[in-house]
Structures are given as structure tokens and as C-alpha cells.
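Written below as C-alpha cells is the structure these notes are about.
The values are calculated or read from the model by the stated rules, or taken from the named source; none is laboratory data. Remember, predicted model here, so these are calculated numbers, not experimental data. Using ideal geometry, Cβ is built from the backbone for each residue, glycine included, and neighbour counts are taken over all protein chains shown. The area values use the complete protein model at the heavy-atom level, side chains included, leaving out ligands, DNA and RNA. Shrake-Rupley method; radii C 1.70, N 1.55, O 1.52, S 1.80 Å.
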Amino acid sequence: MMYQNLSRAQLLDLKNELTAEYEKYKAAGLKLDMSRGRPGKAQLDIALDILDDKSCVSPSGFDCRNYGILDGLPELKEVLAEAMRVPAANIFIGENASLALMYASISFAMLFGIGGSKPWGKYEKVKFLCPVPGYDRHFAICEEMGIEMINISTNENGPDMDTIEKMVAEDETIKGIWCVPKYSNPTGITYSDETVKRFAALKPAAKDFRIFWDNAYCIHELYPDNPAQLLNLYDECVKNGTEDMPYIFFSTSKITFAGGGVAAVAMSSANLAEFKKHMGVRTIGADKMNQLRHLNFLKANGGFDSIMRKHADLLRPRFEAVLDILDAELADTGIATWIRPAGGYFISFDTLPGCAKKVVAACRDLGVVLTGAGATYPYGRDPKDSNIRIAPSSPSAEELAQATKVLCLCTKLASVDALLETAE
Ligand SMILES: Cc1ncc(COP(=O)(O)O)c(C=O)c1O
């Protein structure tokens, strides 16, 4: 039933029905949370053996209890290189999570500049391009640093490359772009080969323009036998002679422990030398004990592939629980769209324009917490007020089914109200 085809009288009848259902849910006193992409408890338990490991000495004989090795255990670099698809020599392992490395790299650019160019902080204004909808914490870093953010629209192939190519070529103050190229947060899309090639071939006016390639979900499949294929940006950049452009981020936050895993960034040799110089002042060294424990855990458990299959088995039914209800309740209503992701942590859900905030507020009123509407846009401002990010990883499939029913009900109610404003 297309809501847009309903008469005013039919909409009013529907509103009565939906309101009665709303009151029933209200009386039920639910308490459900689909707001943040946290691994569920069973996922965190996958890596529990890490905590039993008391080894101290790396395979090459380094005592990890001591200071030293700023850029990470070489043996772990070899293992991460496979997942990150970059040469081990170009990897820096450090910090507890990749956001810390992102924040560090932008801080260094703000304070010291990159490759001898003017520090970003010395400009009156520098700008970042932000494919939307995107990840709120990327936007928070820019906002805190005073970096102006420019929305770039995205479709199923990735961000609008025509606009990106034109803008970076014309404006020397555009210094960066945020990208989540595989199973993007929140849309779940994977950039097409053409998109990746066009990124590698960018000709920015700013020599210190950098692509912040946050490959957070590079091995996070829901259907491991049918993974999305992301072209290798680093290889493409090497072919184009643009290998100084990307910073490629990775972490095991959603593989071992969220915020307690290991994180890494890969960059060209020139970038890496500069990054290491700054990191060497910032810290006396990383937590190599944790790096060693991760190395041992990965080796003992068949590497990333078999560990990620365990995650997929836990995540897949949760995603499907949400998607099945969305299909059953909202297909052919014309009031919402969503994408069926094949990996990652999110389902991106779009209401009719002007409804997302009302839907999120109504869900909260019924005890279902969703990510705040607008969070997927810079400055928390979704120009259409339509995008909602659903995070299905943590609750059980049963809880998710219930929470999604509430989301559907609230979407229907908000849509009926919106349509009543213009219905004859
Ligand atoms: C795209 C993206 N990048 C980074 C992170 C956080 O990663 P980390 O824990 O390594 O900082 C998340 C977490 O949701 C994410 O969705």
C-alpha cells in the first residue's frame, strides 16, 4: 500500500489504528538500544583467550615489556599487511583504536603541516570533503579542529567523484576527504572500481591534500563466501604516482576488543617517516604486550578469516532480523528506503523528508534508542532530516525484531502526519 495514494480520510483512519498500536507499545515499557555499533557480548568473547596469554618475547626476540619499537612489532605488521593489502613496511601500528591515529594525523597536519607545507592551523580556513551520510566521529574531529566540512552526496558506487575532482582541483584550502570505502558507515556500500581509480588519479590543488581512507570494515563480511570486492587504493596510487595521498586506517576494534585491540595506519614511505617523527615525540612507544598477544591469538586461531567467520555467524541473524521486519512492514509503502548491506555494522534507513527526527523521538518515547537523527551528517545537520542509522550488532535477534517493529510503527505515524499536511 503506497501511503502517497491514500486519501485524507484513509490517512486519518490509519492514524487512529497506528496510534492505538503506539499506546500498546508505550504500556509495554520496552528498553532496547540500536544506537551504537558496538560488538555484542558473544563477539567480544571470541577473543577472550587473549587475556590468558602471558608471553612477553616476540618471535624475533624482543622483550615486549620494555620500551622500544615505536612503529609496532614487525611480525604483526606482516599479519596486518594481508588484511590491509599494503606492504608491511608501510604500516605503523599504534594506539588502542584507529580513531586515535586519525586524530593524531590531523593534529600533526594542523600543527606542523605535511611535507614542509604550511601547517593547516595557520590558514584562516581549511576544508574537508565529507561524503554523506557518514561517520559522526570523523565529523567530530573536524568540528573540534575548526575544519570546515562540505557535504558530498553518495550513491551505490561511492561519493560523487565529479564534484570531488572539480573541488579539489580548484580549491587549495581543501585538505582532506573522509572515506569509509568498504561497507561504509552507515550506508553499507562498497566503492566501485571506477571510484577507487578516480580517487587514485585525483589532482588536488593542495600538495598536502590527503585521503583519509578509513577501511574499518575491510574484512567484516556478513556473507564471507561472497565478499564485496574493493579495489586496492594503495596499488592504484602507486600506479598513478600518488602514493603520498592516502592514509589507510585499520583496527581490530571489531575483531578482538573494541577500543582494546590494535590499530594501524598505512602510508607512503615519505609520509611514514614524517608521521613516525611526530609520534616518536608524542609517545615513548606503543603497548607491544597487546600487540604480541594479538599476534599470538591471530596465529593460534587460523588468522583473520576464521575469526571473522565467527563474527559473521553472530551478526548475520541480527542484520536479517532487522531487514526481514523492514521488508514485511514497509516494502511498497513508499515511506522509507534502506540498503541491505553485505558487511559492516550498520543499516542506513531513510524516511520521508522531514520525518527522521520525529521518528527517533517517537522511538525513544517507546523505549527504543536509535542514533540521533542528523548524526550521520557534519554538524549534526541532515538537510533532508531523513537519515537514521540502525546498529544491529549488540541486541539479540529477538530484541532487534521488536525494536524494528517499533521503528516501523513510528515511521508510519510520522509519515501519515507528514502526508496529512498536504492531503486533499
Ligand atoms: C568507519 C569507522 N571508523 C572507525 C571506527 C572506530 O574504530 P576504532 O575503534 O578503531 O577507533 C568506527 C566505529 O564504529 C567506524 O564505524
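Surface composition of the chain: carbon plus sulfur atoms hold 51% of the accessible area, using a 1.4 angstrom probe and ignoring ligands, DNA and RNA. With N the number of residues in the chain, Rg(Cα) / (2.2 N^0.38 Å) evaluates to 1.05. Mean-square fluctuations from a GNM of the chain, with a 10 angstrom spring cutoff on Cα atoms, peak among Gly134, Gly334, Gly372 at Gly334.
With all protein chains kept in place, the per residue accessible area of region 53-302 amounts to 40 square angstrom at a probe of 1.4 angstrom. If the Kirkwood radius is taken over C-alpha pairs of region 53-302, then at 4 °C and 1.567 mPa s the Stokes-Einstein diffusion coefficient equals 70 µm²/s.
For the pair Thr173 and Val57 in one chain, pulling the backbone fully straight at 0.36 nm per residue adds 37.1 nm over the alpha carbon distance. Each Lys or Arg adds one and each Asp or Glu takes one away; over the other residues whose Cβ falls under 15 Å from the Cβ of Leu420, this sums to -1. By DSSP, the beta bridges lying fully in region 165-307 are antiparallel in about 35 percent of cases.
Counting only heavy atoms of the protein chains and using a 1.4 Å probe, Arg389 has close to 10 Å² of accessible surface.
Take Cys142: with every protein chain present and a 1.4 Å probe, its accessible area is about 0 Å². The overall shape of region 98-184, judged from the alpha-carbon gyration tensor, is oblate: a/c is not under 1.5, and a/b is no greater than b/c. Averaging the Cα positions of each part gives two centres, and for region 146-163 and region 303-339 these lie 26 Å apart.
Entry note, region 53-302: relative contact order of 27 percent, from Cα contacts under 8 Å with a spacing of 6+ residues.
Which of rounded, prolate, oblate describes region 162-319, given a ≥ b ≥ c as roots of the alpha-carbon gyration tensor eigenvalues and a/c under 1.5 marking rounded, otherwise prolate only if a/b is larger than b/c? Please list the in-between numbers first.
On the way: a/c = 2.35, a/b = 1.31, b/c = 1.80.
Oblate shape, in that a/c is at least 1.5 and b/c is the bigger or equal ratio.
Shape index of region 1-148: Rg/Rh, with Rg the Cα radius of gyration and Rh the Kirkwood radius from the inverse mean 1/r over Cα pairs, equals 1.18. Comparing mean-square fluctuations of Gly343, Gly113, Gly94 from a GNM of the chain with C-alpha springs under 10 Å, the top value falls on Gly113.
For region 116-247, the relative contact order comes to 24 percent (Cα pairs under 8 Å, sequence separation of at least 6). Residues Glu243, Glu144, Glu236, sorted by accessible area with the largest first, give Glu144, Glu243, Glu236 [1.4 Å probe; ligands and nucleic acids excluded].
Using Cα pairs closer than 8 Å and at least 6 residues apart in sequence, work out the relative contact order for region 273-368, in percent.
It comes to 12 percent, rounded to a whole number.
Using a simple spin-label model with pseudo-atoms 7 Å out from Cα toward Cβ, Ser269 and Ala201 lie 2.7 nm apart.
Here is how the number arises for the chain: DSSP H runs of 4 or more residues each give -39500 (n - 2.57), the sum is divided by the residue count, and the result at 222 nm is -13500 deg cm²/dmol. With a threshold of 28 Å on the Cα-Cα distance, the over-threshold entries among Lys254/Lys412; Lys175/Lys197; Lys77/Lys310; Lys197/Lys357; Lys254/Lys299 are Lys254/Lys412; Lys197/Lys357.
For the chain, modelled as a GNM with alpha-carbon contacts under 10 angstrom, which of Lys254, Lys197, Lys276 fluctuates the most? Of Lys254, Lys197, Lys276, the Gaussian network model singles out Lys276 as fluctuating most.
The calculated FRET efficiency for Asn240 paired with Thr337, based on their beta-carbon distance and R0 = 30 Å, is about 0.25. Considering only beta bridges that DSSP places wholly inside region 53-302, some 35 percent are antiparallel. Spacing of the modelled spin labels on Arg65 and Ser306, each 7 Å from Cα toward Cβ, amounts to 3.0 nm. Note on the chain: antiparallel DSSP beta bridges, both residues inside, total approximately 45 percent of the bridges counted. Ordered by solvent-accessible area of protein heavy atoms (1.4 Å probe), largest first, the residues Lys26, Lys41 come out as Lys41, Lys26.
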